[in-house]
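See structure below.
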Amino acid sequence: DTVGRLASSLQGLGIKPGDRVAAYMPNMIETAVAMLAATSIGAIWSSCATDIGPSAVIDRFGQIEPKVLFCSDGYFYKGKPFSSLPNLAEVVKGIPALKKVVVASYLSGSEPLVATILGRTGRTCKGEMPDISYIPNAVYWNDFLSKEKALEIQFEQLPFDHPLYIMFSSGTTGKPKCLVQGAGGILINQLKELIIHTDLRREDVHFFITTCSWMMWNWMLTSLATGNTLILYDGNPNYPDIGAMWRLVQDEKVTMFGTSASYINFIKGEGLKPGKDYDLSALREIWQTGSVLSADGFEYIYREVKEDLHFNSSSGGTDINGCFCTGSPIQPVYAGELQGPALGMKIKAYDEKGRTTVDREGELVCEAPAPSMPLYFWNDPDGKKYHDAYFNVYPNVWRHGDYVMCHSDTGGIVFFGRSDAVLKPSGVRIGTAEIYNQVERLEEVADSLAIGQTWQDDQRIILFVKLSKGHTFTEDLKNRIKKTLRENASPRHMPAKILEVPDIPYTMNMKKVESAVTNIIHGKPVLNRDALKNPESLDYYENLKEELRK
């Protein structure tokens with residue numbers, strides 16, 4: 001009912017197919033409703049989470065010139081309320097194309113939508129509605145929403161390749177690229193992944209730890225097409241304690257839980273034993289993506305969470321809003337391996353000369369078109385940006401930028417990290433994940449980051465480690481890290497220096513940002529810090545430049 005009413009309001013404003021509608025919002029029900037309403041009338045949807053700084057939002061939305069911006073009055077993090085309105089005012093000032101700014105209540109004001117639907121008050125920070133008079137064209141959600149009842153949603157009948165989403169690259173090396181993706185291709189590709197690879201059914205209860213800046217939010221929303229029950233979660237997954245997500249799985253009888261490698265590594269480092277402490281009888285699948293998870297991480301899931309679930313480790317990208325490699329519910333899971341190519345994805349590993357390689361590391365490529373490839377890049381009339389992003393290395397073959405190995409015996413694929421982050425000490429190519437997989441098995445290490453530093457006409461490996469709670473950085477730990485890498489990987493994997501850091505930088509879609517730290521260490525600027533999930537983490541690396549001149 002609310003989707004129909006909101007769609008009517010957008011049409012009343014003059015929004016038509018092809019117009020852009022954007023959201024600067026938490027992962028709340030109004031965000032889902034706004035996306036469904038906008039796309040039902042043929043508008044093109046884009047979203048950013050409220051924890052992104054205003055300059056990064058303008059870098060994204062300013063390029064696509066939305067006519068309507070949905071936002072909230074604030075958000076919660078670790079139990080504390082934060083107002084979004086000062087940042088919102090900056091964003092609106094930077095996007096003159098906006099005709100209407102619709103502010104949903106989260107921190108204050110009238111009953112929020114979730115409370116109206118559920119018939120109870122879902123949030124506790126009620127109060128007077130905030131002043132939005134200083135924000136041009138701003139209106140409260142409830143004032144914008146049509147007062148008509150029982151409206152039937154009038155779905156616009158549009159071509160298969162009508163634009164549905166504009167997604168954005170991470171923006172860590174420049175202004176984010178705007179990837180335009182088609183409705184038919186996205187729907188077919190994501191339903192393939194949800195129904196066949198994930199085995200999601202109408203009776204399932206599903207939630208994903210994600211924000212509206214990550215493609216997993218779009219993927220998660222498409223699961224409504226399976227008829228499943230969807231839970232939206234916003235905020236820190238470890239608040240008020242590290243068991244928060246597992247209580248949610250237990251209490252709501254979640255059957256499919258989606259998360260990232262960084263979350264799994266964190267709870268593993270904290271010694272959490274979810275299978276022992278919570279009733280996970282309903283849980284039958286964990287879906288993991290974001291960055292590479294070690295074989296030890298796989299084993300932790302089966303040992304400490306549940307031994308008879310399907311652990312579905314997947315990898316793809318915002319570029320295709322889906323997976324190149326993913327799980328299969330009818331095939332075995334091998335620790336550290338993604339089970340195989342996603343259906344319809346003609347993927348291979350290529351060596352430096354563009355030849356297919358098996359049982360050897362190489363570049364991930366896709367040799368045939370896929371349904372959810374971008375239709376085009378926004379503001380790229382001759383297609384040059386699109387071509388240069390994917391097709392400028394192997395002619396007519398999509399090069400994704402991941403370093404992988406395709407196994408002939410299991411059919412599985414191992415990921416070693418981004419190929420632009422590959423280390424080359426003495427000319428030998430080493431994937432960063434080869435180091436992470438060994439180092440993060442040590443209980444003292446919560447997270448790590450490896451970069452290559454230009455040194456004496458060669459390259460040396462610098463390893464940064466974030467320690468688990470209760471552990472200290474000692475010479476003994478450094479020696480054990482080196483020994484672990486030497487014995488389990490090779491002497492070439494051993495870092496020249498190991499340094500303790502308080503945090504590891506991540507993009508909004510939970511990928512480690514080796515490139516930003518590499519730039520800092522080499523005295524180069526880091527562009528668009530606001531595009532990172534935790535940009536403040538880079539400050540510490542700035543102070544290490546002197547140490548790394550030795």
Cβ-Cβ distance below 8 Å, separation of 6 or more or different chains: which pairs start in region 513-529 with a residue that is within 14 Å of Gln459 (Cβ to Cβ) and end on one that is open to solvent by less than 30 Å² (accessible area, probe 1.4 Å) and in a helix (DSSP H, G or I)?
Glu514/Ala421; Glu514/Thr432; Thr518/Ala421; Ile521/Tyr541; Ile521/Leu548
Output the number of residues of region 144-189 satisfying the condition of being charged (D, E, K, R) and modelled with pLDDT of 95 or more.
2
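Rundown of residues vs (1) at pLDDT below 95; (2) more than 25 Å from Gly297 (Cβ to Cβ), yes/no style:
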site	(1), (2)
Gly327	no, no
Pro332	no, no
Glu337	no, no
Ala349	no, no
Glu352	yes, yes
Asp359	no, no
Leu364	no, no
Glu367	no, yes
Ser372	no, yes
What tally of residues in region 15-27 results from selecting those that are more than 18 Å from Met215 (Cβ to Cβ) and either touching a Phe, Trp or Tyr at 6+ places or on another chain (Cβ under 8 Å) or in contact (Cβ under 8 Å) with a residue 60 or more places away in the chain (or both)?
2
Which of the residues spanning region 9-22 are crowded, with 19+ Cβ neighbours inside 10 Å and either of a type in the set (Gly, Ala, Ser) or within 18 Å of Leu151 (Cα to Cα) (or both)?
Ser9, Leu10, Ile15, Ala22
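In a helix (DSSP H, G or I), more than 30 Å from the chain's Cα centre (by Cα) and either modelled with pLDDT under 90 or over 22 Å from Ser537 (Cβ atoms) (or both): which single residue out of Asn479, Asn437 fits that description?
Asn479 is the lone residue from the list that is in a helix (DSSP H, G or I), more than 30 Å from the chain's Cα centre (by Cα) and either modelled with pLDDT under 90 or over 22 Å from Ser537 (Cβ atoms) (or both).
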Residue ID - nearest to Val422 (Cα to Cα), chosen from residues in region 347-386 that are assigned to a loop (DSSP other than H, G, I, E, B) and among the aliphatic types (A, V, I, L, M):
Val358
Scan the strands (runs of 3 or more DSSP E) fully inside region 269-346 and keep the ones with 2 or more residues being more than 20 Å from Leu364 (Cβ to Cβ).
285-289, 310-313
Criterion: surrounded by 17 or more Cβ atoms within 10 Å (Cβ to Cβ) and at pLDDT below 95 - qualifying residue of Met256, Met215, Met245
Met215
Give me a count of the residues in region 432-483 that are among the polar types (S, T, N, Q) and closer than 19 Å to Asn265 by Cβ.
5
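When you check Leu449 against the structure, is it at pLDDT 85 or above, open to solvent by less than 10 Å² (accessible area, probe 1.4 Å), of a type outside the set (D, E, K, R) and more than 28 Å from the chain's Cα centre (by Cα), yes or no?
When the stated conditions are applied, Leu449 does not pass them.
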Evaluate region 121-134: report whether one residue or more is among the hydroxyl-bearing types (Ser, Thr, Tyr), surrounded by 14 or more Cβ atoms within 10 Å (Cβ to Cβ) and at pLDDT below 90.
no
For region 74-86, how many residues meet the condition of being open to solvent by 50 Å² or more (accessible area, probe 1.4 Å) and without any contact (Cβ under 8 Å) to a residue 60 or more places away in the chain?
5
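Can you tell me which residue is farthest from Leu548 (Cα to Cα) among those in region 511-527 that are in a loop (DSSP other than H, G, I, E, B) and open to solvent by 40 Å² or more (accessible area, probe 1.4 Å)?
Lys511
Only one of Ser328, Ser313 is among the hydroxyl-bearing types (Ser, Thr, Tyr), crowded, with 23+ Cβ neighbours inside 10 Å and more than 29 Å from Gly74 (Cα to Cα); which? Show your work before the answer.
Values: Ser328 fails: crowded, with 23+ Cβ neighbours inside 10 Å.
Result of the check over Ser328, Ser313: Ser313.
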In region 454-466, residue nearest to Arg480 (Cα to Cα) [restricted to those that are modelled with pLDDT of 90 or more and open to solvent by 10 Å² or more (accessible area, probe 1.4 Å)]:
Lys466
Evaluate region 489-502: report whether one residue or more is open to solvent by 20 Å² or more (accessible area, probe 1.4 Å), assigned to a loop (DSSP other than H, G, I, E, B) and not hydrophobic (A, V, I, L, M, F, W, C).
yes
It is to be established whether one or more residues within region 407-416 are open to solvent by 30 Å² or more (accessible area, probe 1.4 Å), within 26 Å of the chain's Cα centre (by Cα) and of a type in the set (Asp, Glu).
no
Only unsatisfied item for Tyr239, checking (1) at pLDDT 95 or above; (2) open to solvent by 50 Å² or more (accessible area, probe 1.4 Å); (3) within 24 Å of Tyr75 (Cβ to Cβ), is (1)
Flagged pairs (Cβ under 6 angstrom, 6 or more apart or on separate chains; first in region 531-546, hydroxyl-bearing (Ser, Thr, Tyr); second assigned to a helix (DSSP H, G or I) and open to solvent by less than 60 Å² (accessible area, probe 1.4 Å)) are Tyr541/Val517; Tyr541/Ile520
Of all residues in region 405-435 being free of Cβ contacts under 8 Å to residues at least 60 places away in the same chain and hydrophobic (A, V, I, L, M, F, W, C), the one that is farthest from Ser170 (Cα to Cα):
Cys406
All positions within region 23-54 that are assigned to a strand (DSSP E or B), modelled with pLDDT of 95 or more and open to solvent by less than 10 Å² (accessible area, probe 1.4 Å):
Ala23, Tyr24, Ile44, Trp45, Ser46
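The values are calculated or read from the model by the stated rules, or taken from the named source; none is laboratory data. Because the structure is a prediction, the values reported are computed rather than measured. Please note: Cβ atoms are built from the backbone with ideal geometry, for glycine as well, and neighbour counts cover all protein chains shown. With ligands, DNA and RNA removed, areas are computed over all heavy atoms of the protein, side chains included. Shrake-Rupley method; radii C 1.70, N 1.55, O 1.52, S 1.80 Å.
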